[in-house]
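Structure first, then comments.
Bear in mind that the values in this text are calculations on the coordinates, not laboratory data. Since this is a predicted model, take the numbers as computed values, not measurements. Heads up, the Cβs are rebuilt from the backbone with ideal geometry, glycines too, and the neighbour counts pull from every protein chain shown.
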Amino acid sequence: MTNLAIAASGLRKSYRDKTGEKVVLDGIDLAVPEGTIFSLLGPNGAGKTTTVQILSTLIAPDAGDVQVAGHDLARNPDDVRGAIGVTGQCSAVDKLLTGRENLLLMANLKHLPKAEGKRKADELLERFDLVEAAGKPASTYSGGMQRRLDLAMTLVGDPRLIFLDEPTTGLDPRSRRAMWQIVRELVATGVTIFLTTQYLEEADQLADHIALLDQGRLIAQGTANELKRLIPGGHVTLRFTDEAPLKNALDVLGQGFLDTSDDARLTLQVPNDGSVAALRGLLAQLEAARIEPAELSVHTPDLDDVFLTLTGQRNDQKQETV
Ligand SMILES: Nc1ncnc2c1ncn2[C@@H]1O[C@H](COP(=O)(O)OP(=O)(O)O)[C@@H](O)[C@H]1O
Ligand SMILES: [Mg+2]
């Protein structure tokens, strides 16, 4: 049997506020094999950061049995802390310090001897393509460079298990790809990565196992391919030139995802397996209501469709759900 870097069962967490009790994690089970990339995928507010905070000992769960890196989270949190590294959603980089100074500070916090700290800092600067920028204040770094520095700081202590909370949110495509490459190189050295993301493509690209988190529950788990097989088919995108027929179409079809985020994108996505019969049925419904889309395109299933089908919503912040 493979060893598990993380084994959690029945993980629960609620917060109390004026409106009463808010359940954030509603009984979650996780099994992350050592040396793999596990992705917790979910929209904003799903509970990803809360999960990372619990697994990395930053906050206590209300219930659940959790083993992290072979240690019991409740009984031996210090052992857990010693074995893991966390790159949080909010950067740990001190922007007034240079890249090298940030790394040396971290080495100091980890009680590395001075010479070793310096060696480690240089090695990480090299590895993360930050040699040229090493002497400049981190405030002058691009978003991608700051993320790389943040991750480099996490690696100072040579953790065997690394939590990356939305490591590429807000990065441009090139920086995102650079980060993916770094993650792949890390896992090739045998570390385990627990990665949260809002991007289906990211989970698809990187993860050995994906768990879909929605409103505090895991609604599906498996490899990207297993998840894609969960759903019968892809979707059809209908494009309109005006908002009125778009909304009519949504009423008539009774399901779908409306995207009016941008005037150029008056589109409606409807689950559909793309077969001639299913397309004919869809067009007949539209025609009966005298709705004529400007354009229709058929999409084979991807992880987006898993989300669309399982939650009735697209996992994309920019878009507005109805
Ligand atoms: N300290 C807190 N007090 C009250 N509610 C919280 C707290 N932390 C998180 N939440 C709520 O828990 C939910 C999940 O948050 P979070 O784990 O940050 O989601 P994600 O990282 O997936 O976006 C959100 O609705 C958030 O408002
Ligand atoms: Mg978060």
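Points worth noting:
- Working ranking of peptides 238-245, 146-153, 194-201 by packing, defined as the average number of other Cβ atoms within 10 Å per residue, highest first, is 146-153, 194-201, 238-245.
- Dividing the summed -39500 (n - 2.57) terms of all DSSP H runs of n ≥ 4 by the residue count of the chain sets its mean residue ellipticity at 222 nm at -10500 deg cm²/dmol.
- Region 272-295 and region 164-197 have Cα centres separated by 40 Å.
- The packing ranking, built from the mean of other Cβ atoms within 10 Å per residue, places the peptides 6-18, 92-104 in the order 92-104, 6-18, highest first.
- Between Val24 and Lys13, Ser14, Tyr15, the built amide H atoms are under 5 Å apart, and every one of these is 5 or more places off in sequence or on another chain.
- Residue exposure proxy: Val80, Val252, Val306, ordered by other Cβ atoms within 10 angstrom of their Cβ from fewest to most, comes out as Val252, Val80, Val306.
- The amide H of Gly70, built 1.01 Å from its N in the peptide plane, has no neighbour under 5 Å, considering only residues 5 or more places off or on other chains.
- Amide hydrogen neighbours beyond the local backbone of Leu4, cut-off 5 Å, H modeled: Glu34
- A full extension of the chain between Glu243 and Asp62 corresponds to an added length of 60.6 nm, given 0.36 nm per residue minus the alpha carbon distance.
- Sequence-distant lysines (8 or more away, or on other chains) whose Cα lies within less than 30 Å of Lys118: Lys95, Lys110, Lys136
- Cα-based shape type of region 94-211, given that a ≥ b ≥ c are square roots of the gyration tensor eigenvalues and the cut on a/c is 1.5: oblate
- With the simple model of a label 7 Å out from the Cα in the direction of the Cβ, Tyr15 to Asn3 spans 3.5 nm.
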